[in-house]
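The next block holds one structure in the form of structure tokens; read it before the comments.
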Amino acid sequence: MDRAIVHMDLDTFFVSCERLMDSSLNGRPVLIGGTSDRGVVAACSYEARKFGVHSAMPMRMAKQLCPEAVIIRGNSGIYSKYSKLVTEIIKESVPVYEKTSIDEFYMDLSGMDRFFGTQKIASELRAKIIRESGLPISFGLSINKTVSKIATGEAKPNNELNIGYGTEKQFLAPLSVKKIPMIGNKTYRQLCDLGIREIQAIQQMPLELMESVFGKNGIAIWKKANGIDNSPVIPYQERKSISTERTFDKDTTDVHKLEGIITAMAENLCFQLRRGDKLTSCVSVKIRYSDFQTYTLQKHIPYSAADHVILPVIRELFQKLYNRRILVRLIGVKFSHLVQGAHQISLFEDTSMLQLYHAMDKMRNKYGDRAVIRASGMDGKTIGGWNPFSGEPPALLANRKQ
């Protein structure tokens, strides 16, 4: 049975959400991100892209290229709301789907063509999303995830493209090698240095040559260039989580110690999210008192993996749960409703905030998770019987169904 994989992507998602809130933005160049000159562009409209503006560009440069652009700080809460709305529509409509970021989905419709026709199903789903959310969305349909994702890019804006079985190589051949999902700027420059700019050139190269130049990545690039990708659509499970907790040797009411440990827990889990290219939209705190009564409190937040967004929420939840008259036996922190999306970590911060997280995480990756910590988290030496700064247990917990 031939596979039928659909890739759907909400077009200029943040901009489209803003336009739902303010119709005067329709047809105008729009930039979303840090509004100061030190800020960066988190997203931009197609009208702005015509001037050479792109995401991750310094806002000062973007304003110079497109001085008439409307600049918006952005509202991650609104974006999370619409992402969840679209997710629910897809969940109700297809048997297997994978949510890979806040605005991107894969669906496996294999076998459904014998009943309805996969393109018809995908087209009707796209129309339903547009009708019920008001957001433009594009999709690509083919036998695998790589070709479908590239097809979506070619279909945009607000359109659909079906790559028929057996025509994958023909479709890919004239496209730029940069269209291959795993090729970043560094690999692209290497390929250009070799005179390889179109996918067809990779298709014509021996696999052994690609492997000798690029190692294992060369094999993966060659396969994708030839439309070969057997990776499955991984069923999306909203409730995957990452968590940690600590049981004390001696029950305590030392609020300074409790706050320090809860801070260390949350800070470390935020780092684990960023290292795994994950975002959370639900954080919770757990307290077990000496009488073994256990209480948990959670709060939904806009998708994030940023310390300065999550830590205040953790402290707020802890203060609501904590009863100073009773000894505490255990405390814990949990992040759930995880999705892929490292590019969302600091959507609307200026470049100094981006550089700060990058520098801290680089040091942690090199010297250990405890290389850089907040002073308030110094009391968090060991958590739940494992070293919270080793990074291993959260990675395991992230793959466990809760």
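Checked against (1) out of contact with any Ser or Thr (no Cβ under 7 Å at 6 or more places or on another chain); (2) farther than 16 Å from HIS337 by Cα; (3) β-branched (Val, Ile, Thr), THR263 passes all but a single condition, namely (1). Those residues that are free of Cβ contacts under 8 Å to residues at least 60 places away in the same chain, surrounded by 14 or more Cβ atoms within 10 Å (Cβ to Cβ) and under 22 Å from PHE14 (Cβ atoms), I need them from the range 131-152; list them, please. SER133 - this is the single residue of the range 131-152 that is free of Cβ contacts under 8 Å to residues at least 60 places away in the same chain, surrounded by 14 or more Cβ atoms within 10 Å (Cβ to Cβ) and under 22 Å from PHE14 (Cβ atoms). Here LEU321 fulfils each of the conditions (1) buried (at least 22 other Cβ atoms within 10 Å of the Cβ); (2) of a type in the set (A, V, I, L, M); (3) farther than 30 Å from ASP9 by Cβ apart from (1).
Consider the range 309-334 and keep the residues that are in a helix (DSSP H, G or I), touching a residue at least 40 places away in the same chain (Cβ under 8 Å) and of a type outside the set (Phe, Trp, Tyr). The one that is farthest from ASP361 (Cα to Cα) is ARG315. Right, ALA48: in contact (Cβ under 8 Å) with a residue 12 or more places away in the chain, within 16 Å of the chain's Cα centre (by Cα) and crowded, with 20+ Cβ neighbours inside 10 Å or not? In short, no.
In this entry, ASN230 passes the filter for residues that are polar (S, T, N, Q), under 24 Å from SER142 (Cα atoms) and under 25 Å from the mean Cα position of the chain (by Cα).
Here HIS256 fulfils each of the conditions (1) at pLDDT below 90; (2) touching a Leu at 6+ places or on another chain (Cβ under 6 Å); (3) assigned to a helix (DSSP H, G or I) apart from (2).
Identify all residues within the range 290-304 that are more than 17 Å from ARG329 (Cα to Cα) and either of a type outside the set (S, T, N, Q) or outside any strand (DSSP E or B) (or both); write none if there are none.
LYS299, HIS300, ILE301, PRO302, TYR303
Among the residues of the range 1-19, those that are more than 20 Å from the chain's Cα centre (by Cα) and surrounded by 15 or more Cβ atoms within 10 Å (Cβ to Cβ) comprise ARG3, ALA4, ILE5, ARG19. Filtered by the rule that a residue be without any contact (Cβ under 8 Å) to a residue 24 or more places away in the chain and not in a loop (DSSP other than H, G, I, E, B), the range 209-220 gives LEU209, MET210, GLU211, SER212, VAL213, LYS216, GLY218, ILE219. Taken over the range 1-52, the criterion of being among the aliphatic types (A, V, I, L, M), modelled with pLDDT of 95 or more and closer than 17 Å to LYS156 by Cα is satisfied by VAL6, MET8, LEU10, VAL15, ALA48. Restricted to helices (runs of 4 or more DSSP H) entirely inside the range 56-143, those with at least 2 residues that are more than 20 Å from the chain's Cα centre (by Cα), β-branched (Val, Ile, Thr) and at pLDDT below 95 are 118-133. ASP251 satisfies every condition listed in (1) closer than 25 Å to GLN340 by Cα; (2) surrounded by fewer than 20 Cβ atoms within 10 Å (Cβ to Cβ); (3) touching a Lys or Arg at 6+ places or on another chain (Cβ under 6 Å) except (1).
Quick grid of which residues meet (1) surrounded by 17 or more Cβ atoms within 10 Å (Cβ to Cβ); (2) in contact (Cβ under 8 Å) with a residue 24 or more places away in the chain; (3) acidic (Asp, Glu):
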| site | (1), (2), (3) |
| --- | --- |
| ASP193 | no, no, yes |
| ILE199 | yes, yes, no |
| LEU207 | no, no, no |
| TRP222 | yes, no, no |
| SER231 | no, yes, no |
| PRO235 | no, yes, no |
| LYS240 | yes, yes, no |
| SER243 | yes, yes, no |
| ARG246 | yes, yes, no |
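Quickly run through the range 153-180 and pick out the residues that are under 27 Å from ASN26 (Cα atoms) and surrounded by fewer than 14 Cβ atoms within 10 Å (Cβ to Cβ). The answer is PRO157, and nothing else.
Against the list (1) in contact with a Leu (Cβ under 7 Å, 6 or more places away or on another chain); (2) closer than 30 Å to VAL177 by Cβ, the condition TYR295 fails is (2).
The values are calculated or read from the model by the stated rules, or taken from the named source; none is laboratory data. Just so we're clear, the structure is a prediction, and the values are computed from it rather than from any experiment. Note that each Cβ is placed from the backbone with ideal geometry, even for glycine, and that neighbours are counted across all protein chains shown.
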